[in-house]
Every structure is written in structure tokens, then in C-alpha cells.
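S.K.: Below is one structure. I have some questions about it.
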Amino acid sequence: MHATETLAEAGRLMTICNSCRYCEGLCAMFPAMEQRRSFADTDLNYLANLCHACGACYDDCQFAPPHDFAVNVPATMAKLRRESYDAYVWPRAFSGVFARNGLVIATIAAAAVAAFIIGFVLIGNPEALFTAQTGPGAFYRVMPHNTMVAVFGAAFLYAIVATVIGLRRFWIDIASPSSPLVDRPALAGAGHDAATLRYLDGGGDGCADGEGAVKDRRKLYHHLTFYGFLLCFLSTSVASVWHYAFDRIAPYPWWDLPVVFGTLGGIGITIGPAGLLAAKFRRDPMLLDKGGLGMDVAFLAMLFLTGVTGLALLVLRATPAMGMLLAIHLGVVFALFITIPYGKFVHGLYRYLALVRHRQEQRTPA
Ligand code: SF4
Ligand code: SF4
């Protein structure tokens, strides 16, 4: 007996695939499946998070609809992945947010932008909001640096705690009792697999796009998004070092590291999510988890808006538009941070843990 209909369907598919095994060379999920004779719910959650949704096994499957077996591994695993985030979420009261994710994130983003604008007017310096500010400390005349650090530090800390608790619950379910606490080779190997998106290549041909041809544009857009996000994070980290260690106050000139990293990162998280969104709407609907569309679109839209508003702020930072752009940018970033544990952001972290487990299994078959 499985806990949900999706788990039951995934169990049915894995039983068929385990007899067929035609797709065993396509990705990590099929070899992991072959190490099992039966599929408990925890196994299925693990397999679902190993699947990278490349779509190749649907294209290749002789039992796909309209065959009576109706085998559709990518769509079923996508749905199960989303439901697994719900199953492990912290606090439990927020389970269900993933199903209404688009509406929740849009509401929080709009409220956050409004709160920053109102906060700038009521608490900050209303005059600075509509007049050009230049020189060191220009941003902090609109919102004091300490207030900015306190607001974003609290949001980030909450996001980390909630995400780590969820990930820990997932890991406890999928780990072997004999797994070492810190398994450096598995952690490093999975890091390599994740950083290169090794299993998003459909066994070598690239992502199936549902039109018969196989291209790997989704892999490219994923890379732009992921490394763009890392560069933005690096930009903020370097700026903090400049501020606290060297007493160098933002805004920085265009050639300085925070601006260079932020600009490249901003371009990455603008082009990457836009490409992924376009690819999503071009894809064969049979490959998609339709219930997760709101979550996917909300996450990509938030990253895109973070990139666009950040770049606009960079270009117009010496003009009277800076104050309003800062409010919009900070509102979007705040909403992105606070919803990290309840949105598509977590998919990379769950998948990383599944890849760590897979590395361990390859070494020591389950
Ligand atoms: S997806 Fe289809 S072809 Fe591939 S292993 Fe499963 S049943 Fe066989
Ligand atoms: S969709 Fe791609 S990654 Fe997922 S199980 Fe099929 S071949 Fe593997």
C-alpha cells in the first residue's frame, strides 16, 4: 500500500520499468531503480528526486500512451517530486503551499514591494526616495544599512533553518543506516554531477523537447540560472567584506568586483529563467506536471524579476528613479528569500541529496 495515488502510480511504473530496463543508460534513476526489487514510498521519493525531467524515457518508451500500460515516467516523477517537498516541509502547517505556490509567491512579492515602499516613506527618508542620490552611502540614505542587514539577515536565516529541516527529513528517509555522516567522495561526486547537470542530457542526446528532435537548450538555461544566482550571491558576499572589513561603502564603480559579479549574475538570472520559461511552454504537455506549473512559473518569474530589477537599479542608480527601483528590487529579493523553503528553489537541494545517495549506492549496492 502506498500513501498517495501518485506514489501508487510511481510504484506501478517502476515495476514495469524494472522488467523492461530499456532506459537503463539514460540517467541515474534507472540504475538506482534496478538496485531494488520492490518500491517503498521512501524509495519512490528518492527516485523521483533523481529524475532530472529530461523527457528522454518518454520519447523512447514503447509503453507510453496510447499503449494500455500508459507509462509516463517524467510527468509522474515530476508530480511526485513536488509532493515530496510537501511531505518533508517545515513547519508541517505549510504543507499545501507548493500546490498554491504561484498565488502565494505572487501575493508575498506584491506585499513585500508595497511594504518596502511604505517603509521607506514612513521610517526612512521620503525625500531621498524621489531625488537623485550619489556617492558612498547613496542607497543607505533611502534605507539605513543596519535595517537592511537586519531585515534580510532574518529572512535568510529563517529560509536556511526551514530548508535544512526539510532536507534532513528527506535524508533520514533515503539514507542507508551504514552511510557515514560525512561522506566526502559521495558529496564531491554528487557536487560534480549537479554542477555539470550530468543527468539532464537524456543519455547523451540532450533534453527531449517533445517535437521529436532533441536539443539541450534547457541545460544551457539551467546553467545560466544556477551560475547567475551564485554570482549574485558572490557579489553580495564580496560587498559585505568591502563594507565591514575595508569600510568601503556602496555603491561601487562599474569595474569593482561586487558590480562585475552582480552584473554577470543579473544577466544570468534574466536570460536563464526567460529561456526556461519559454522552453516550458514549448514542451510537450505530456511531459509536464500540470499541478506544478504555478510553482515553476513563480520561481522563474521571481528570479527573472530579481535580475531585471537589479540591472535596472545598476543602470539608473544615479537618477531620481533609484529609490523606487531599490524598493521594488528589495521587495522581490525579500519575497524570493522568504519563500525559498516553499518553492521550486528546493528542487536543486533535494536532487543534490538524491545524487549523494546514488553515489553511495553505486559504491555499495543497496
Ligand atoms: S520508460 Fe518505458 S521503455 Fe523505458 S524502461 Fe520504462 S517501460 Fe521500458
Ligand atoms: S525523464 Fe530523463 S531523467 Fe527522468 S527518468 Fe526519464 S530519462 Fe531519467
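S.K.: Could you tell me whether any residue of the range 30-40 is surrounded by fewer than 20 Cβ atoms within 10 Å (Cβ to Cβ) and within 27 Å of the chain's Cα centre (by Cα)? Step through it out loud before you land on a result.
M.R.: Initial filter on the range 30-40 (surrounded by fewer than 20 Cβ atoms within 10 Å (Cβ to Cβ)): 31, 34-38, 40.
Pick out the ones that are also within 27 Å of the chain's Cα centre (by Cα) and you get 31, 40.
Yes, the range 30-40 contains a residue that is surrounded by fewer than 20 Cβ atoms within 10 Å (Cβ to Cβ) and within 27 Å of the chain's Cα centre (by Cα).
S.K.: Among what's in the range 53-72 and is of a type in the set (A, V, I, L, M, F, W, C) and part of a loop (DSSP other than H, G, I, E, B), pick the residue that is nearest to ligand 2 (Cβ to nearest atom).
M.R.: For the range 53-72, the residue satisfying everything is CYS54.
For (1) closer than 30 Å to THR15 by Cβ; (2) in the same structural domain as LYS344 (by TED's automatic domain parsing); (3) within 27 Å of the chain's Cα centre (by Cα); (4) not β-branched (Val, Ile, Thr), each residue gets a yes or a no:
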position: PHE69; (1), (2), (3), (4): yes, no, no, yes
position: ILE117; (1), (2), (3), (4): no, yes, no, no
position: ASN125; (1), (2), (3), (4): no, yes, no, yes
position: ALA128; (1), (2), (3), (4): no, yes, no, yes
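S.K.: So, one more: Considering only the range 157-184, state which residues are over 20 Å from the mean Cα position of the chain (by Cα) and surrounded by fewer than 12 Cβ atoms within 10 Å (Cβ to Cβ).
M.R.: Correct list: ILE172, SER176, PRO177, SER178, PRO180, LEU181, VAL182, ARG184.
Conditions (1) assigned to a loop (DSSP other than H, G, I, E, B); (2) hydrophobic (A, V, I, L, M, F, W, C); (3) more than 10 Å from ligand 2 (Cβ to nearest atom); (4) in the same structural domain as LEU355 (by TED's automatic domain parsing), marked per residue:
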residue	(1), (2), (3), (4)
GLY11	no, no, yes, no
GLY25	yes, no, no, no
PRO74	no, no, no, no
GLU83	no, no, yes, no
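S.K.: Residues to consider are CYS20, CYS54, CYS27; find the one that is within 15 Å of ligand 1 (Cβ to nearest atom) and more than 26 Å from ALA195 (Cβ to Cβ).
M.R.: CYS20
S.K.: Tell me, which residue of the range 67-86 that is under 28 Å from PHE334 (Cα atoms) and in contact with a helix residue (DSSP H, G or I) (Cβ under 7 Å, 6 or more places away or on another chain) is farthest from ligand 1 (Cβ to nearest atom)?
M.R.: Per the criteria, the residue is TYR85.
S.K.: For VAL104, state whether it is exposed (fewer than 13 other Cβ atoms within 10 Å of the Cβ), of a type in the set (Val, Ile, Thr) and not in a loop (DSSP other than H, G, I, E, B). Give the derivation first.
M.R.: Values: exposed (fewer than 13 other Cβ atoms within 10 Å of the Cβ): no; of a type in the set (Val, Ile, Thr): yes; not in a loop (DSSP other than H, G, I, E, B): yes.
Against the criterion (exposed (fewer than 13 other Cβ atoms within 10 Å of the Cβ), of a type in the set (Val, Ile, Thr) and not in a loop (DSSP other than H, G, I, E, B)), VAL104 does not qualify.
S.K.: Can you say whether LEU80 is under 18 Å from the mean Cα position of the chain (by Cα), at negative phi and surrounded by 15 or more Cβ atoms within 10 Å (Cβ to Cβ), as far as the supplied structure shows?
M.R.: Judged against the criteria, LEU80 is a match.
S.K.: Another question, then. Residues to consider are PHE246, PHE233, PHE226; find the one that is hydrophobic (A, V, I, L, M, F, W, C) and either crowded, with 21+ Cβ neighbours inside 10 Å or within 20 Å of HIS52 (Cα to Cα) (or both). Please lay out each step first, then the result.
M.R.: On the way: PHE246 fails: either crowded, with 21+ Cβ neighbours inside 10 Å or within 20 Å of HIS52 (Cα to Cα) (or both); PHE233 fails: either crowded, with 21+ Cβ neighbours inside 10 Å or within 20 Å of HIS52 (Cα to Cα) (or both).
The unique qualifying residue is PHE226.
S.K.: For PHE39, indicate whether it is touching a Phe, Trp or Tyr at 6+ places or on another chain (Cβ under 8 Å), among the aromatic types (Phe, Trp, Tyr), in a loop (DSSP other than H, G, I, E, B) and touching a residue at least 12 places away in the same chain (Cβ under 8 Å). Working first, answer last.
M.R.: Values: touching a Phe, Trp or Tyr at 6+ places or on another chain (Cβ under 8 Å): no; among the aromatic types (Phe, Trp, Tyr): yes; in a loop (DSSP other than H, G, I, E, B): yes; touching a residue at least 12 places away in the same chain (Cβ under 8 Å): yes.
For PHE39, the condition - touching a Phe, Trp or Tyr at 6+ places or on another chain (Cβ under 8 Å), among the aromatic types (Phe, Trp, Tyr), in a loop (DSSP other than H, G, I, E, B) and touching a residue at least 12 places away in the same chain (Cβ under 8 Å) - is not met.
S.K.: If I filter the range 16-23 for residues that are near ligand 2 (Cβ under 9 Å from one of its atoms) and either farther than 30 Å from ASN101 by Cβ or in a loop (DSSP other than H, G, I, E, B) (or both), do I get at least one hit?
M.R.: Yes - at least one qualifying residue is present in the range 16-23.
S.K.: Identify the residue in the range 290-332 that is in a loop (DSSP other than H, G, I, E, B) and in contact (Cβ under 8 Å) with a residue 12 or more places away in the chain and, among all such residues, is nearest to TYR342 (Cα to Cα).
M.R.: Among those residues, the one meeting the criterion is ARG317.
S.K.: For residues that are buried (at least 20 other Cβ atoms within 10 Å of the Cβ) and touching a Pro at 6+ places or on another chain (Cβ under 9 Å), scanning just the range 260-295, find the one that is farthest from HIS347 (Cα to Cα).
M.R.: Going through the qualifying residues, I end up with LEU287.
S.K.: If you scan the range 44-82, which residues turn out to be of a type in the set (A, V, I, L, M) and out of contact with any Leu (no Cβ under 8 Å at 6 or more places or on another chain)? If you could, list the steps in order and put the result at the bottom.
M.R.: Quick first cut of the range 44-82, residues of a type in the set (A, V, I, L, M) only: 44, 47-48, 50, 53, 56, 64, 70-71, 73, 75, 77-78, 80.
Within the range 44-82, LEU47, ALA64, ALA70 qualify.
The values are calculated or read from the model by the stated rules, or taken from the named source; none is laboratory data. Note that the structure is predicted; figures quoted are calculated from it, not measured. Cβ atoms come from the backbone with ideal geometry, glycine included; neighbour counts cover every protein chain shown.
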